[in-house]
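See below for the structure under consideration.
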Amino acid sequence: MNNEDTINENIDKPEDIVESPVNETPSAPEDAGFTADPGKPGEGPKLIAADTGDHSTEDAGQPGIKTEEIDLDTLNSSSEIEVPKRLIDQVIGQDHAVEVIKKAAIQRRHVMMIGTPGTGKSMLAKAMAELLPKEDLQDILVYPNSDDSNTPIVRTVKAGRGKEIVNAHKAEAKKRAQTRNTMIMLLVFGIMGYAIITGQLLMGIIGAAFIFMALQYTRPKEEAMVPKLLVSSQKEGNAPYVDGTGAHAGALLGDVRHDPFQSGGLETPAHDRVEAGAIHKANKGVLFIDEINTLTPHSQQNLLTALQEGEFPITGQSERSSGAMVKTEPVPCRFVMIAAGNVDAIEGMHPALRSRIRGYGYELFMQDSMPDTEENQKKFIRFIAQEVKNDGKIPPFDKGAIEEIMREARRRSNRKGHITLKLRDMGGLIRVAGDMARQDDSEITTAEHVLKAKEIARSVEDQISGEITQRSREYELTVVSGSEIGRVNGLAVVGHDSGQVLPIMAEATPTQSKVGGEVIATGLLKEIAQESIKNISAIIKKLTQKDIKDMDIHIQFIGTYNGVEGDSASVSVATAVISAIEGIPVRQDVAMTGSLSVRGNVLPIGGVTYKIEAAAKAGITTIIIPESNLADVLIEDRYKEMVTIIPVKKFEDVLDIALVPEKKKDFMERVKELAKITPSEINIKAPPKPLHG
């Protein structure tokens, strides 16, 4: 029997591919989501679903105050709070998502999570890996194929068995190589001895060298027949969790490495060049892919095939590589897929892939804030304790530090009566505050450390905004005193947590076109912003009683290098245009924000807190905001004495505040009269349109 026959025989040995013995109760760790029931005598074990309720008290890693018992008035530090052991119990504010993940884990369903970055999508995916059953995990081996070297053979064995098989084959190959080498050396020494006895030493050396090289070249390579452990699973621990985010085709679907030496005895066996992909490493576990829409359509199609078949062969991904000639037998990849992304990720998904998830799983929208209730406050305080414990390098937070973090969480929610769930950003603030305490050699993190952290841990957008504001003041691009015609200080949001003063200028000129006047807006306006400019025409006609088709209205947004999107500047634009048409100056110590309806109502906008703080930094003292946003204002204490915030409901109120008093009396009287008239009742004289026969 030759070496290849031995290897092929070993492939089919029952002990290499045997599953768990029938009478052996599989071990099911308590976090698996299942427990093992030995059943009746003579019967095999049964798997029953574990209790997937809230175990935040049962699975606590340390004794302490339970979540529902947290009382900030009596709490000394975050170290007193009990932190849940399981990841699923550490998730806050995503109750619906938690319930879905628990159900999906029991039934092995796929899940797609859509929402803002940092809201806990990857944490839920890891939590699912804790809940999946793990007693049936497998190792995957790839063997050489004596019939077709370009079609390696794939076999699965019990977890942990693969390494034993590979080591056994290596030991056997090493033993055979040593035996053969010994025989070769004996033969060489025999030839040399005979040559010495017969006095033909030179011929003996030549003959021995020739025989040695011939045997070395023609001898079978035992190591080439050793199987490769493609996927190794641990006997103990959670089901596999693999993050395939941003993976290229080879890393996701598997690949076969190129062999530069394809002949002459120097080639690497095909099976030894096979590399498992993320889909194979996630076999019996969870495959998490964030920003699913960034995968190429070809990769998404192959991913769909893997989901449908539960197995996927590995081949070389590059057509220029020798690995493209190799294609293994189908490799098991029965994974649960957790796809994630922002709202725009849905548009970039392969329709069939999304249909597969919807048909055999769940779709979730991740909340970015939660109601500011007493129960949720306790959960957020526990989140602070979790971050401190999980980091392991920062001191606990005292009551004052916890209150300051809570205040910042309300501020960052940008919504009245809510707490932010952008927990990655909040976790970053917690760690920076802890670093401040560590730098001071403090054993506790205080409110002072949190305030320092808020200043140091500012986002790049906030830092850029501050720099732009400073330069705008230096070059008088932002004016915060006096009055000017056709100039208004608008407000905008930069990024997610920063505001900026947005100067807007307007001018009205007689039209030079025979087809009538037009509104010309510059400043890299995007779609919604352009539409908001068109919508203000109705209110301008109503309040000025002038036919604007006889004039060109020029609107300029100053310093908008990254463009303008949204309609929150429509109040500012309308004010600037009316000022330009009527020749009434606008107060430059006033800034404003708000969406304007065609009926003159000031509608709510987003980011009001950041906009107010940006205006305060620029030196503006009066800020006009929509009345419906008043409860959303959670500015820092240092800005409260610097600004006066005036909520409004109607556009007439904006004009009454922003226009210079001595110039606006007659105009405002006309505005108040016109405010009682609906747009359909306005009769603007215009030349009759020509009739076409």
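Laid out as a table, the results:
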| read-out | value |
| --- | --- |
| Considering residues of region 482-526 that are of a type in the set (Gly, Ala, Ser) and within 30 Å of Val460 (Cβ to Cβ) only, the residue surrounded by the fewest Cβ atoms within 10 Å (Cβ to Cβ) | Gly495 |
| Meets criteria (crowded, with 18+ Cβ neighbours inside 10 Å, basic (Lys, Arg), closer than 30 Å to Gly237 by Cα and touching a residue at least 60 places away in the same chain (Cβ under 8 Å)) for Lys284 | yes |
| Listing of helices (runs of 4 or more DSSP H) fully contained in region 87-169 that carry 2 or more residues being in contact with a Phe, Trp or Tyr (Cβ under 9 Å, 6 or more places away or on another chain) | 95-107, 121-131 |
| Pairs with Cβ under 7 Å, 6+ apart, first in region 343-369 and closer than 19 Å to Val286 by Cβ and small (Gly, Ala, Ser), second modelled with pLDDT of 90 or more and buried (at least 18 other Cβ atoms within 10 Å of the Cβ) | Ala345/Ile114; Ala345/Ile292; Gly361/Ala104; Gly361/His110; Gly361/Val111 |
| Within region 141-197, considering residues that are among the hydroxyl-bearing types (Ser, Thr, Tyr) and within 23 Å of Asp255 (Cβ to Cβ), the one farthest from the chain's Cα centre (by Cα) | Ser149 |
| Matching residues, region 415-433, being in contact with a strand residue (DSSP E or B) (Cβ under 8 Å, 6 or more places away or on another chain) and of a type outside the set (A, V, I, L, M, F, W, C) | Arg415, Gly417, His418, Thr420 |
| Among (1) surrounded by fewer than 16 Cβ atoms within 10 Å (Cβ to Cβ); (2) at positive phi; (3) modelled with pLDDT of 80 or more, the one test that Arg458 misses | (2) |
| Residue ID - surrounded by the fewest Cβ atoms within 10 Å (Cβ to Cβ), chosen from residues in region 566-603 that are closer than 21 Å to Leu630 by Cβ and acidic (Asp, Glu) | Asp589 |
| Given (1) out of contact with any Gly (no Cβ under 8 Å at 6 or more places or on another chain); (2) among the basic types (Lys, Arg); (3) within 19 Å of Leu491 (Cβ to Cβ), index of the condition Lys617 fails | (1) |
| Residue list for region 595-616, filter: at pLDDT 90 or above and not small (Gly, Ala, Ser) | Leu596, Asn601, Val602, Leu603, Pro604, Ile605, Val608, Thr609, Tyr610, Lys611, Ile612, Glu613 |
| Filter result (under 15 Å from Glu291 (Cα atoms) and either out of contact with any Asp or Glu (no Cβ under 7 Å at 6 or more places or on another chain) or part of a loop (DSSP other than H, G, I, E, B) (or both)) within region 344-362 | Asp344, Ile346, Glu347, Gly348, Met349, His350, Leu353, Arg354 |
| Where Arg471 falls short, out of the listed (1) free of Cβ contacts under 8 Å to residues at least 24 places away in the same chain; (2) in a loop (DSSP other than H, G, I, E, B) | (2) |
| Residue that is nearest to Pro117 (Cα to Cα) [pool: residues in region 363-400 that are among the small types (Gly, Ala, Ser) and assigned to a helix (DSSP H, G or I)] | Ala385 |
| Test: residue in region 559-568 that is free of Cβ contacts under 8 Å to residues at least 60 places away in the same chain, in contact with an Asp or Glu (Cβ under 8 Å, 6 or more places away or on another chain) and not polar (S, T, N, Q) | yes |
| Filter result (more than 11 Å from Ser570 (Cα to Cα), out of contact with any Phe, Trp or Tyr (no Cβ under 8 Å at 6 or more places or on another chain) and small (Gly, Ala, Ser)) within region 506-540 | Ala506, Ala508, Ser513, Gly516, Gly517, Ala538 |
| Criterion (over 23 Å from Tyr475 (Cα atoms), in contact (Cβ under 8 Å) with a residue 60 or more places away in the chain, within 34 Å of the chain's Cα centre (by Cα) and not in a loop (DSSP other than H, G, I, E, B)) met by exactly one of Thr575, Thr609 | Thr609 |
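Every residue, every condition in (1) within 28 Å of the chain's Cα centre (by Cα); (2) within 30 Å of Pro117 (Cα to Cα), yes or no:
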position: Ala270; (1), (2): no, no
position: Glu275; (1), (2): yes, no
position: Arg320; (1), (2): no, no
position: Met337; (1), (2): yes, yes
position: Ala340; (1), (2): yes, yes
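Per-residue answers, yes or no, for (1) within 26 Å of Lys327 (Cα to Cα); (2) at pLDDT 85 or above; (3) not aliphatic (A, V, I, L, M):
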site: Ala177; (1), (2), (3): no, no, no
site: Val188; (1), (2), (3): no, no, no
site: Met203; (1), (2), (3): no, no, no
site: Ile206; (1), (2), (3): no, no, no
site: Phe210; (1), (2), (3): no, no, yes
site: Tyr217; (1), (2), (3): no, no, yes
site: Glu223; (1), (2), (3): yes, no, yes
site: Gln234; (1), (2), (3): no, no, yes
site: Asp255; (1), (2), (3): yes, yes, yes
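The values are calculated or read from the model by the stated rules, or taken from the named source; none is laboratory data. Because the structure is a prediction, the values reported are computed rather than measured. As a convention, Cβ positions derive from the backbone with ideal geometry for all residues, glycine included, and neighbour counts pool all protein chains shown.
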